[in-house]
1. Do any GluC sites (Glu not before Pro) in region 161-226 lie in a DSSP loop with no more than 15 other beta carbon atoms within 10 Å, and if so, which?
2. Enumerate the amide H contacts of Asn2 below 5 Å, restricted to partners 5 or more residues apart or on another chain; note that Pro and chain-start residues carry no placed amide H.
3. Roughly what % of Cα-Cα distances in region 89-172 sit above 20 Å, to the whole percent?
4. More than 16 angstrom separation, counting every C-alpha pair in region 1-80; what % is that?
5. Could you tell me which of the pairs Lys51/Lys137; Lys11/Lys86; Lys179/Lys206; Lys74/Lys169; Lys6/Lys96; Lys55/Lys96 are separated by over 26 angstrom between their Cα atoms in the structure shown?
6. Return the calculated 222 nm mean residue ellipticity for the chain, to the nearest 500 deg cm²/dmol, obtained by summing -39500 (n - 2.57) across DSSP H runs with n ≥ 4 and dividing by the residue count.
7. When only C-alpha pairs under 8 Å and at least 6 residues apart count, what is the relative contact order of region 3-156, in percent?
8. How big is the chain by the Kirkwood estimate over distinct Cα pairs, in Å?
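Read-outs: derived from the displayed coordinates by stated rules, not from any lab. It should be emphasised that the depicted structure is a prediction, and the values quoted were computed from it without experimental measurement. Neighbour counts are summed over all protein chains in view; Cβ atoms, including those assigned to glycine, are modelled from backbone coordinates with ideal geometry.
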Amino acid sequence: MNQIDKNPNYKEIYNFVRSSFEATEHFYHGPFDETYYSLRVYESSKEIISKLDQKVSVPVVLVASILHDIGKTKINPCNVFSLTGKNENAAEEWDKHPKLGVPIAQEYLRKAGYSSEFISQVSYLIENHDLRGDTIKNKSLELQILQDADLIADCGFAGFIRPFLYGGKFSRQIIGSIKYMQKEANRAGQEDLLNLDVSKVIAKRKFKLEQKLIQEISKDINSDLL
Ligand SMILES: [Fe+2]
């Protein structure tokens, strides 16, 4: 194990991720802004870890959290995005991003001096981060944390702003975004996708906040004009 394995330079890794996304057409702003969502996954992993009383390879989880979606820089945007939203076959292209991210992360971490053992642990997390539920057997605790952090990162304030950002990108009006959120307000079902009990507690708190925000903004369009 190298010294850097125990004490990664998270900021440097994040700067690499951020500049990689800034060079893309769709992942540096708007509803798929990975300069924000990657940061949120990293912070959500830290929150989960702080509430766990099991031994965790913290540097492996946090490095993977920052790098987990880097493969999105390699997916073909024409197969995913149209002018009005996502393409019909978007999921097929989108699903490639975990695998596409592995060689990018490996090259970065190798050059930065991380050990091959550390790199293979991070690679396992990146490659499998989208395989939810029972699709993958014997998930390591570290993978469970990353998967949960990935979902939690999109709840609360993040979940509240995304529909507006989506609306701005794909020509939807603000009133339309609010109505969409009213319909989708109860996302608590997503809790079933979470691996860890501590994550369920965090998610519940964030869903509550999100619902409160939706209730508040709903008052703004409670008008006889509509
Ligand atoms: Fe992902």
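1. Working: sites: Glu184, Glu191, Glu210, Glu216; in loops: Glu184.
Sparse-neighbourhood loop GluC sites (Glu not before Pro): Glu184.
2. Those qualifying (amide H under 5 Å, at least 5 residues apart or on another chain) are Ser115.
3. Roughly 51 percent, once rounded to a whole number.
4. Details: 1703 of 3160 pairs.
Tail fraction, whole percent: 54.
5. Values: Lys51/Lys137 24 Å; Lys11/Lys86 32 Å; Lys179/Lys206 20 Å; Lys74/Lys169 21 Å; Lys6/Lys96 30 Å; Lys55/Lys96 31 Å.
Too far apart for the 26 Å limit: Lys11/Lys86; Lys6/Lys96; Lys55/Lys96.
6. On the way: 12 runs with 142 residues, N = 226.
Helix contribution divided over all residues of the chain: -19500 deg cm²/dmol.
7. Values: 187 pairs, mean separation 43.1, N = 154.
Computed value for region 3-156: 28 percent relative contact order.
8. Final number for the Kirkwood radius of the chain is 18.5 Å.
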